[in-house]
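Working notes, beginning with the structure itself.
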Amino acid sequence: MRTTRAALAASLLLAAALLAACAARGAGNAASGVSFGGLDRLLIRQHTDVLGVVAGNRSVFALTTSGVISYDRVFSRWRTADARLVEELQFAGLDGTRISALAADPVEDAAWIGIPGAVVLYRVAASQVQRITVPGVPQSIAFARGNSADAYVLASGQWLRVSRAGFVTPLRAPDVPLVPPVQLDDVYRQHPTLRGQLPFLLRDASDHTGGLLNVRISAGTMSPDRLSEVWVGTLGDGLWLLDATFQQATPLRYGLLDESIGAIALGAGGVWSAGDGRARRAGLSYVSNDATQFVWRTHDVGASLDRTRVRDLAVRGSDAWLATDRGVWRMRLGASPALTQWDMSDGLADNAVRALLPRTGGVWVGTRRGLSFLAETDAGSAERAQSPGNARENARDAMVITRTASLAAAVVNDLAVANETLLIATTTGLFARAAAPRDTTNARRFSGGARLNRSIEALATSDTVVLVVTDRDAHLLDASQLGLIGASAPASLEAMQWPTIDVREIGPVVAASVDSRTAWIAGARGVIAWSRDSQVARVLRAGREIPLDVRDIVVDDTWTWIGTAQGLVRVRRARDGGLP
């Protein structure tokens, strides 16, 4: 038996030494995403369910169903997901539900993460990830009282002493007194009154779900240097910071309410996303460009949009417009969000809304059976200004819906504006009409031969161009040649020459975007970035560089945001506006 144990110990020491030498990764930019063939990419997922939380001298680490996230106690802000840690866990095929142990290092700013067959040591300041192989599955990680040089890991019933250099030593039992991680029961022992008060303290003033959300407290810990600073994890409402002395709680939002994204839209300094109705909570999620600030906006939307996919999202000022199969919804994005719905009972052409385009005084609505405009009346605007807390019925009465008669039977896929002309993508071709809703001009079809007399899937406009995407090709048109629809009929496009991009390899087209440098086309199976200068295309394939089932895409000067069924992807654009 001694020989066997000695051989096992020797082999473990040798393996650990080799792994420590090759697995420790050098310092990198913690604010960047995963590097994939030169691609700076970050995946942002849903982190509403917290499975565990530990606090160190500088950082708090929370284990959620989607992985490990870290909060900086000194600067009171979330850190951008570290590329190296995300890459390590993704390489092992792990999400948060397969991480078996988590502990904060008592000496340095680091976390110890137990996964099947290994312990991962993540040093925050150096952005260093070290994978140490251990036998079995780690069940708990603790440290010695007064001697924190090593971690003590209980893995599949066997105690192991793991050094910071990666050496693993099997033990019959810990040879020193251990300090176990502080957990929820320890919080209750330190602060007995919290046992009954916590559910009432965890109330977000900006969350108006009206008690519909059943939040369960799942984890808790205390800061090592301030026992009154309590960190509480929930199932459904993320992580909270609690001041146990003054009985005050603050929600620390991170990630998305729903990672199965239906639509996204640019906002001030970031992007908003809406889900497809599969998550426990419905609403809107905001992610800042640096991925350190997050906002969740919910109302009775949580119940109203249950199992309802948002197919388009548009943000204008303090209003967010949502296109769903149950009509149009408007959410006020302020601290006290208000929600209003319009459907066929209010005069909408159809309940299945596929596209939205907000304009001054209202919003254009493309549906499965035609085009409508929701116009705010002067009286309704004044009434809302005097009484911002109006009920849903008053808000609905403040809008007047008009339809475009010539498109009564058209399936509208997308909408865009160029030269004060409203462009309408339908399953039978490209149409246009005056963008001013009070102009009675009916919509007219563009004549484009076989190239455009087919289903138009997506539209985008920028500077002097219009990007028109069919089910086969994407075409870049000169907007100056389209003419002003209110004064003349749409021009014939048959004789015009324009660049054409084959989009069949990315599957059914879902969205498009264009700026002065690059045209972007998103399909269910990938994304095409096409340089307007070099006319060279680069493809991101779903299931490889980005997650499966792409739903939407938007771009700003620095970032490309891609909404998928498995999270929100942020990709840094190259200097020429495209991809590396």
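What to note about this one:
- As for the stretch 287-298, it holds at least one residue that is at pLDDT below 90 and not aromatic (Phe, Trp, Tyr).
- Residue ID - surrounded by the most Cβ atoms within 10 Å (Cβ to Cβ), chosen from residues in the stretch 351-377 that are free of Cβ contacts under 8 Å to residues at least 40 places away in the same chain and more than 14 Å from Arg311 (Cα to Cα): Ser372
- When restricted to residues that are open to solvent by 20 Å² or more (accessible area, probe 1.4 Å) and in a strand (DSSP E or B), the stretch 527-538 contains 2.
- Strands (runs of 3 or more DSSP E) lying entirely in the stretch 30-124 (those with 1 or more residues that are at pLDDT 85 or above): 39-44, 50-55, 59-64, 67-72, 101-104, 110-115, 118-123
- Residues that are in contact (Cβ under 8 Å) with a residue 24 or more places away in the chain, surrounded by fewer than 19 Cβ atoms within 10 Å (Cβ to Cβ) and outside any strand (DSSP E or B), drawn from the stretch 228-255: Gly236, Gln247
- Residue match in the stretch 153-170 (condition: surrounded by 16 or more Cβ atoms within 10 Å (Cβ to Cβ), assigned to a strand (DSSP E or B), without any contact (Cβ under 8 Å) to a residue 60 or more places away in the chain and in contact with a Lys or Arg (Cβ under 9 Å, 6 or more places away or on another chain)): yes
- Residues in the stretch 419-434 that are crowded, with 22+ Cβ neighbours inside 10 Å and either in a loop (DSSP other than H, G, I, E, B) or among the small types (Gly, Ala, Ser) (or both): Ala425, Ala432.
- In summary, Leu548 fulfils each of the numbered conditions (1) more than 26 Å from Arg444 (Cα to Cα); (2) at pLDDT 95 or above with the single exception of condition (2).
- Candidates Ile113, Ile132, filtered to the one that is more than 19 Å from Tyr71 (Cβ to Cβ) and hydrophobic (A, V, I, L, M, F, W, C): Ile132
- Those residues of the stretch 559-580 which are assigned to a loop (DSSP other than H, G, I, E, B), open to solvent by 60 Å² or more (accessible area, probe 1.4 Å) and touching a residue at least 12 places away in the same chain (Cβ under 8 Å), in sequence order: Gln566, Asp576, Pro580
- When the residues of the stretch 36-59 are filtered to those that are surrounded by fewer than 21 Cβ atoms within 10 Å (Cβ to Cβ) and among the aliphatic types (A, V, I, L, M), the one that is nearest to Leu568 (Cα to Cα) is Leu39.
- Near pairs, Cβ below 8 angstrom, 6+ apart or cross-chain, from the stretch 43-67 (free of Cβ contacts under 8 Å to residues at least 24 places away in the same chain) to any residue that is open to solvent by 10 Å² or more (accessible area, probe 1.4 Å): none
- Residues that are under 34 Å from the mean Cα position of the chain (by Cα) and buried (at least 22 other Cβ atoms within 10 Å of the Cβ), drawn from the stretch 135-152: Pro138, Ile141
- Considering the stretch 449-467, and only residues there that are part of a strand (DSSP E or B) and more than 27 Å from the chain's Cα centre (by Cα), the residue that is surrounded by the fewest Cβ atoms within 10 Å (Cβ to Cβ) turns out to be Val465.
- Of the residues making up the stretch 183-195, those that are closer than 19 Å to Leu235 by Cβ and open to solvent by 50 Å² or more (accessible area, probe 1.4 Å) number 3.
- For the stretch 256-285, the set of residues classified as open to solvent by 30 Å² or more (accessible area, probe 1.4 Å) and free of Cβ contacts under 8 Å to residues at least 24 places away in the same chain consists of Ala268, Gly269, listed by residue number.
- Restricting attention to the stretch 539-548, the residues being over 17 Å from the mean Cα position of the chain (by Cα) and surrounded by 22 or more Cβ atoms within 10 Å (Cβ to Cβ) number 1.
The values are calculated or read from the model by the stated rules, or taken from the named source; none is laboratory data. Please read these numbers as outputs of a predicted model, since none were measured by experiment. Methodologically, a virtual Cβ is constructed for each residue, glycine included, from the backbone with ideal geometry; neighbour enumeration extends over all protein chains shown. Keep in mind that these areas ignore ligands, DNA and RNA; they rest on the heavy atoms of the full protein, side chains included. Shrake-Rupley method; radii C 1.70, N 1.55, O 1.52, S 1.80 Å.
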